[in-house]
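Trainee: Structure below; questions to follow.
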Amino acid sequence: MTDQDFMREALKEAQLAFEKGEIPIGAVLVRDGNIIARDHNRREELDDPTAHAEILVLREAGRTLGGWRLPNTTLYVTIEPCPMCAGGLVQARVARVVYGAADIKAGAVHSLYTVTEDERLNHRLEVTGGVLAEECADIMRTFFRSRRKKGTDLFLQN
């Protein structure tokens, strides 16, 4: 499978998040051409500010593989990881991250910070951005457009 194929799998996860009313970000973690973990944002569902797709995937992979170190893996995520998620990728020793659309407000891989490539840290990742970027950005635009039409303010819930 190609980067585009795995990103389509991440987009399927993003669609699940969209259908639940979660911010539609999906992720899959791959090793040796096989998906070993997949999930989507579930902050609202779990009442957990750390329940980003990337973090949930790292947790699932750790349980599946029996350890927190995840070498020789590639994370595919629909939106550029935030600082928390980029830090998690470094800590987990993920080899590569592939993201769809850039996040100019919170991206910590290329847009605002370069956490995954920072030479001061003990691990760095290979980064590929822009894979199916338009499709990944479109699901976010559609989600937020629908929220605005409904008058739902995501930031004032609870």
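Trainee: Can you tell me the relative contact order of segment 3-147? Whole percent, Cα pairs under 8 Å, sequence separation 6 or more. Mind showing how you got there, number by number?
Mentor: Working: 331 pairs, mean separation 29.8, N = 145.
Value for segment 3-147: 21 percent.
Trainee: Zone of residue 50 (label point 7 Å along Cα→Cβ, backbone N under 19 Å): which residues in segment 109-124?
Mentor: Backbone N within reach: 116.
Trainee: Also, I was wondering about something else. Only bridges with both residues in segment 3-147 count here: give the DSSP antiparallel percent, nearest 5.
Mentor: Close to 60 percent.
Trainee: Follow-up. Please name which of 65, 114, 24 has its Cα lying farthest along the dipole of the chain towards the positive end, using unit charges on Cβ (Lys, Arg +1; Asp, Glu -1) and the Cα centre as origin.
Mentor: Going by the Cα projections, it comes out as 24.
Trainee: Return the lysines within reach of residue 12: Cα separation strictly under 18 angstrom, same-chain partners fewer than 8 residues apart disregarded; answer none if there are no such residues.
Mentor: 20
Trainee: For a Förster distance of 25 Å, can you work out the FRET efficiency between the beta-carbons of residue 20 and residue 121, rounded to the nearest 0.05?
Mentor: Taking R0 as 25 Å, the efficiency between residue 20 and residue 121 is 0.15.
Trainee: Before I look further, what does the chain give for accessible area per residue, probe 1.4 Å, in whole square angstrom?
Mentor: Value for the chain: 52 Å² per residue.
Trainee: What net charge is computed for the residues neighbouring residue 104, neighbours being all others with C-beta under 14 Å from the C-beta of residue 104, Lys and Arg scored +1, Asp and Glu -1? Walk me through the intermediate numbers first.
Mentor: Working: positive: 105, 141; negative: 80, 103.
That sum, taken over residues with Cβ under 14 Å, equals 0.
Trainee: Another question, then. Going 7 Å from the Cα of residue 5 in the Cα-to-Cβ direction, what parts of segment 33-66 have a backbone nitrogen less than 15 Å from that spot?
Mentor: Of the residues in segment 33-66, 33-36 have backbone N under 15 Å from the label point off residue 5.
Trainee: Ignoring ligands, DNA and RNA, what percent of the accessible area of segment 3-147 is carbon or sulfur (1.4 Å)?
Mentor: The computed percentage sits at 49.
The values are calculated or read from the model by the stated rules, or taken from the named source; none is laboratory data. Every value quoted in this text rests on a predicted model; they were computed, and no experiment measured them. Ideal geometry is used to build each Cβ from the backbone, glycine not excepted, and the neighbour counts take in all protein chains shown. Keep in mind that these areas ignore ligands, DNA and RNA; they rest on the heavy atoms of the full protein, side chains included. Shrake-Rupley method; radii C 1.70, N 1.55, O 1.52, S 1.80 Å.
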